[in-house]
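Data first, discussion second: the structure below is written as structure tokens.
The values are calculated or read from the model by the stated rules, or taken from the named source; none is laboratory data. Source: prediction; values computed, not measured. A quick note on method: Cβ atoms are made from the backbone with ideal geometry, for glycine too, and the neighbour counts reach across all protein chains shown. The area values use the complete protein model at the heavy-atom level, side chains included, leaving out ligands, DNA and RNA. Shrake-Rupley method; radii C 1.70, N 1.55, O 1.52, S 1.80 Å.
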Amino acid sequence: MNFKAIRGTNDHIPEDMAAWNFVESVARNTAAMFGYKEISTPIFEQTALFKRAVGEGTDVVQKEMYNFNDLGGNELTLRPEGTASVCRAFIEHGMHNKPYPVRLFYIAPMFRHERPQSGRLRQHHQFGVEIFGDKSAETDLEIILLGLTYLDNLGIKDLKLKVNSIGTSKTRIEFKKSFENYMNPLVSRLSEKDQKKYQLNPIRILDSKESATQDLLADSPKPIDFLDEDSKDHWGKFVILLEESIKMFKGVEFEIDKGLVRGLDYYSKTVFEIQPKNSNKAQSSILSGGRYDNLVENIGGPDTPAAGFGSGIERVILNMNEKEYEDLDFTQLLIIPASEEGLILSIKIAQQLRNKKISTSICSSDRSFKAQMRYANQINAKNVIVLGNKEVESNKISIKNLSSKIEKTIDLTLENILSTLDSNG
RNA sequence: GUGGGCGUAGUGUAGUUGGUUAACACGUCAGGUUGUGGCCCUGAAGAUCGAGGGUUCGAAUCCCUCCGCUCACCCCA
């Protein structure tokens, strides 16, 4: 019998955790600096929530969700993304009665049944933020600045920020009409793949990777050309603010990408995507999001404008080449029990030291003395104490610092041990 | 769902005109005398060569099927 982690899921073994914890703490600190409060929601929800929020026609809903029925016959789904759940919680807890805007963030696993590849997993983790109740352009800017600050704090430089406005659902209908008029005579010139794509969802070929397709699209209508007055205003203000504030981030270039479209239906107006400037990876987007002014109302809440982003932690880690975090992989003190009485004493002293915040392990008395010393070295212990009959009888112990090899003999009291460990570092 | 690459101890690798006990390094464990580690020396454990079937006197090596990993498409974080 050979059990393995499910395809597309990863264990985080101790060696991975330093990087992981670093990213999480940077995420929490950055969010806190911007005044965002952490929220955590269940990893599964009613299937209908995601269908409604993300959109029936999207790939995510159509073929990537982990759906299941529980024993009560409820249709449930492991969350494929975070925004829908947070909106549900926002409504359920009456957060629209809180002073606006409401700023929330989460760090949570997401599940999508996709074919895994570099930077794409079936279970991945996202740091995401959402801001509710503010339709101003500076809100869009705020979450982008939060995202850039987060990546900067992680030491990820040389980023490209793509922004676009896709208007409202109404203006998109007009755009679509015009776009199809433009494309229909040209469809036969698309590759087979893009033709299929076009049949399924015409707008999606806007961000096709095929250069032949992009050439055909060069003069095509774009969603941003169809904005209504309100969206146009919003966009204009947003771009001015962005142009000014992006200067604060060295190494970040921004680009208005009129072909940028999102795969989730709830977005409106501003959408954006951040990727490393010179990424040769296919799955290069490490942080993306936008505004979704209709989502809260769509799933049964009050009319509430909102915006947010999601950022894949695994992808972020793939892009952290500089090691900006410390590996805190050490044991401050290892106690080697050298006799039966020494073992009892070891257990008591270890407990007292742990209460004083000294990380302390006791070596197995099953192993030879030499093996125990070797173990102290292997686990990178800073200090070693041997407790045997000699120590029990004389009430004196020696504390050895393994890197300096210096051994200090002291009277056995907790205070002495603490001060010696302290001076040993 | 579609295509490419790859599967040999815990890890990284060697081993193909088929030929005996599948090799090396790192790691692990144990010893190098009695209570002091790292270096060094010696030894040990650890691989049904991804799985199943076929060809053959004989298969890690050739053929078929399946599985897994990985990269890319699609889509997304």
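Here are the numbers:
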{"read-out": "Residue match in the stretch A:84-100 (condition: within 16 Å of RNA strand B (Cβ to nearest atom) and farther than 15 Å from A:Gly310 by Cα)", "value": "no"}
{"read-out": "Filter result (closer than 21 Å to A:Arg115 by Cα and either of a type in the set (A, V, I, L, M) or open to solvent by 60 Å² or more (accessible area, probe 1.4 Å) (or both)) within the stretch A:52-66", "value": "A:Val54, A:Glu56, A:Asp59, A:Val60, A:Val61, A:Gln62, A:Lys63, A:Met65, A:Tyr66"}
{"read-out": "A:Ile347 open to solvent by 90 Å² or more (accessible area, probe 1.4 Å), away from RNA strand B (no atom under 12 Å from the Cβ) and of a type in the set (A, V, I, L, M, F, W, C)", "value": "yes"}
{"read-out": "From the options A:Gln199, A:Gln214, residue that is open to solvent by 60 Å² or more (accessible area, probe 1.4 Å) and under 24 Å from A:Lys51 (Cα atoms)", "value": "A:Gln199"}
{"read-out": "Which numbered condition A:Lys250 misses (of (1) in a loop (DSSP other than H, G, I, E, B); (2) within 26 Å of A:Asn153 (Cβ to Cβ); (3) within 16 Å of RNA strand B (Cβ to nearest atom))", "value": "(3)"}
{"read-out": "Condition met for A:Glu297 (surrounded by fewer than 19 Cβ atoms within 10 Å (Cβ to Cβ), modelled with pLDDT of 95 or more and away from RNA strand B (no atom under 16 Å from the Cβ))", "value": "yes"}
{"read-out": "Evaluation of A:Glu138 against (1) open to solvent by 60 Å² or more (accessible area, probe 1.4 Å); (2) within 16 Å of RNA strand B (Cβ to nearest atom); (3) under 23 Å from A:Phe249 (Cα atoms) (one fails), failing number", "value": "(2)"}
{"read-out": "Residue match in the stretch A:38-51 (condition: surrounded by 20 or more Cβ atoms within 10 Å (Cβ to Cβ), at negative phi, touching a residue at least 24 places away in the same chain (Cβ under 8 Å) and outside any loop (DSSP other than H, G, I, E, B))", "value": "yes"}
{"read-out": "Those strands (runs of 3 or more DSSP E) lying entirely in the stretch A:371-419 with at least 2 residues open to solvent by 50 Å² or more (accessible area, probe 1.4 Å), touching a residue at least 12 places away in the same chain (Cβ under 8 Å) and more than 7 Å from RNA strand B (Cβ to nearest atom)", "value": "A:407-411"}
{"read-out": "Failed item in (1) outside the structural domain of A:Thr270 (by TED's automatic domain parsing); (2) open to solvent by 10 Å² or more (accessible area, probe 1.4 Å), with A:Phe179 passing the rest", "value": "(2)"}
